[in-house]
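Chemist: Structure incoming, see below.
The values are calculated or read from the model by the stated rules, or taken from the named source; none is laboratory data. Everything numeric here is computed off the predicted structure, so don't read it as measured data. So basically every Cβ, Gly included, is an ideal-geometry build from the backbone, and we count neighbours across all protein chains shown.
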Amino acid sequence: MNTVRAFARREWGPLYATLRNALVTKKWRAVPMTLGAVCLTALFQLVQNQSWGFRPVHDIGFVKAEDPLWVALLRTPLSLFVPALDLPVWGALAQVLLVFGIAEIALGRWRTLVIAYVSTLAGTTYARIGIALGPDGFFGLPATDAQVVDTGPSAAVVGLALFVCWRFRAWLTAALVIVSMVVEVLVKDNLAGKEHLAAIAAVLVVCALSALRQRRLRRQRLRAGSRSGAPPIRS
């Protein structure tokens, strides 16, 4: 039992402390962007199920690989908040509330939005590449996937979960996120699963670039400290 507690404290302790402090001091005011995203997702779900609302939601938030690239890029930000037509909306709402809420507290509002957009854009871009590769390769897709409506927060959720794990050094949880997405593709080889892998690849690149930037900043601080005669700064 002590071993389990020690592991949990090491794996999730820093993240838990960050979340608890924010929620205790600010409560729901700690996640205004997340609450807005939940409301927007619920609104899109309500509107797209009305006889008069499907076409407007389609025109601003539906993304398909057969669309012109400029149209897909314009629609991609809002497509993140349009629930998939073939999945229950409560799943999308729960994902946004939980994962976006954790990320907003742990990473900040703008970094959360950037990572979410990069993950979603990676999936959208991969769909076009996969269809161009064809169905024969592991990373390829059948031509019929060009007509699949590609909406929902799942790619963003995967990317945010992975980045939060990297940021707080929850290495086992990060590995579980990656392995679960690989298993998803092996069990059900479809567009959504492969887009999740594309989101993971994009976020891993972001993590690598962030690590390089942090290392460069530490070196600059050390050089500045040595030139000024101050003792080295320990990180």
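Chemist: Quickly run through the range 60-94 and pick out the residues that are out of contact with any helix residue (DSSP H, G or I) (no Cβ under 8 Å at 6 or more places or on another chain), modelled with pLDDT of 90 or more and over 21 Å from Y126 (Cβ atoms).
Modeler: W90, G91, A94
Chemist: Looking at the range 103-127 only, could you name the residues that are more than 15 Å from L73 (Cα to Cα), assigned to a helix (DSSP H, G or I) and among the small types (G, A, S)?
Modeler: Within the range 103-127, A103, A106 qualify.
Chemist: Could you tell me whether V149 is under 17 Å from the mean Cα position of the chain (by Cα) and either of a type in the set (A, V, I, L, M, F, W, C) or not in a helix (DSSP H, G or I) (or both)?
Modeler: On the way: under 17 Å from the mean Cα position of the chain (by Cα): no; either of a type in the set (A, V, I, L, M, F, W, C) or not in a helix (DSSP H, G or I) (or both): yes.
For V149, the condition - under 17 Å from the mean Cα position of the chain (by Cα) and either of a type in the set (A, V, I, L, M, F, W, C) or not in a helix (DSSP H, G or I) (or both) - is not met.
Chemist: So L222 passes all but one of these: (1) part of a helix (DSSP H, G or I); (2) in contact with an Asp or Glu (Cβ under 9 Å, 6 or more places away or on another chain); (3) over 30 Å from L69 (Cα atoms). Which condition number does it fail?
Modeler: With respect to (1) part of a helix (DSSP H, G or I); (2) in contact with an Asp or Glu (Cβ under 9 Å, 6 or more places away or on another chain); (3) over 30 Å from L69 (Cα atoms), L222 is out only on (2).
Chemist: Pick from A42, A65: which is in contact (Cβ under 8 Å) with a residue 24 or more places away in the chain, outside any helix (DSSP H, G or I) and either within 23 Å of the chain's Cα centre (by Cα) or surrounded by fewer than 15 Cβ atoms within 10 Å (Cβ to Cβ) (or both)?
Modeler: The match here is A65.
Chemist: Does the range 39-59 hold any residues that are touching a Gly at 6+ places or on another chain (Cβ under 7 Å) and aromatic (F, W, Y), and which are they? Please lay out each step first, then the result.
Modeler: Restricting attention to the range 39-59, the residues satisfying the condition of being touching a Gly at 6+ places or on another chain (Cβ under 7 Å) are 44, 47.
The one that is touching a Gly at 6+ places or on another chain (Cβ under 7 Å) and aromatic (F, W, Y): F44.
Chemist: Same structure, new question: Which number in (1) loosely packed, with under 13 Cβ neighbours inside 10 Å; (2) in contact (Cβ under 8 Å) with a residue 24 or more places away in the chain; (3) over 23 Å from A127 (Cα atoms) marks the one condition that T34 misses?
Modeler: (1)
Chemist: Quick check, is T112 of a type in the set (S, T, Y) and modelled with pLDDT of 95 or more?
Modeler: When the stated conditions are applied, T112 passes them.
Chemist: Taking only pairs six or more apart or across chains, which ones have beta-carbon atoms under 6 Å, a first residue in the range 1-27 that is farther than 21 Å from A174 by Cα, and a second residue that is at pLDDT 90 or above?
Modeler: From the range 1-27, the pairs are A22/A30; A22/I105; L23/A30.
Chemist: Is it true that some residue in the range 45-54 is without any contact (Cβ under 8 Å) to a residue 12 or more places away in the chain and within 14 Å of the chain's Cα centre (by Cα)?
Modeler: no
Chemist: Looking only at the range 89-139, count every residue that is surrounded by 15 or more Cβ atoms within 10 Å (Cβ to Cβ) and either in contact with a Pro (Cβ under 7 Å, 6 or more places away or on another chain) or among the hydroxyl-bearing types (S, T, Y) (or both) and tell me the total.
Modeler: The total comes to 11.
Chemist: I need a count of the residues in the range 128-139 that are under 16 Å from H196 (Cβ atoms), part of a loop (DSSP other than H, G, I, E, B) and free of Cβ contacts under 8 Å to residues at least 40 places away in the same chain.
Modeler: Within the range 128-139, residues that are under 16 Å from H196 (Cβ atoms), part of a loop (DSSP other than H, G, I, E, B) and free of Cβ contacts under 8 Å to residues at least 40 places away in the same chain number 1.
Chemist: Let me ask you something else. For the range 85-127, which positions are farther than 17 Å from M33 by Cβ and free of Cβ contacts under 8 Å to residues at least 24 places away in the same chain? Explain how you work it out, then say what you get.
Modeler: Initially, the range 85-127 is screened for residues farther than 17 Å from M33 by Cβ, giving 85-91, 121-127.
D86, P88, W90, G91, listed by residue number.
Chemist: Then there's this: Restricting the range 140-189 to residues that are within 22 Å of G61 (Cα to Cα) and without any contact (Cβ under 8 Å) to a residue 24 or more places away in the chain, which is surrounded by the most Cβ atoms within 10 Å (Cβ to Cβ)? Can you show your working first?
Modeler: Applying the first criterion (within 22 Å of G61 (Cα to Cα)) to the range 140-189 yields 143-160.
Filter again for without any contact (Cβ under 8 Å) to a residue 24 or more places away in the chain, leaving 143-144.
Numbers: A143: 12, T144: 10.
Applying the filter and picking the extreme gives A143.
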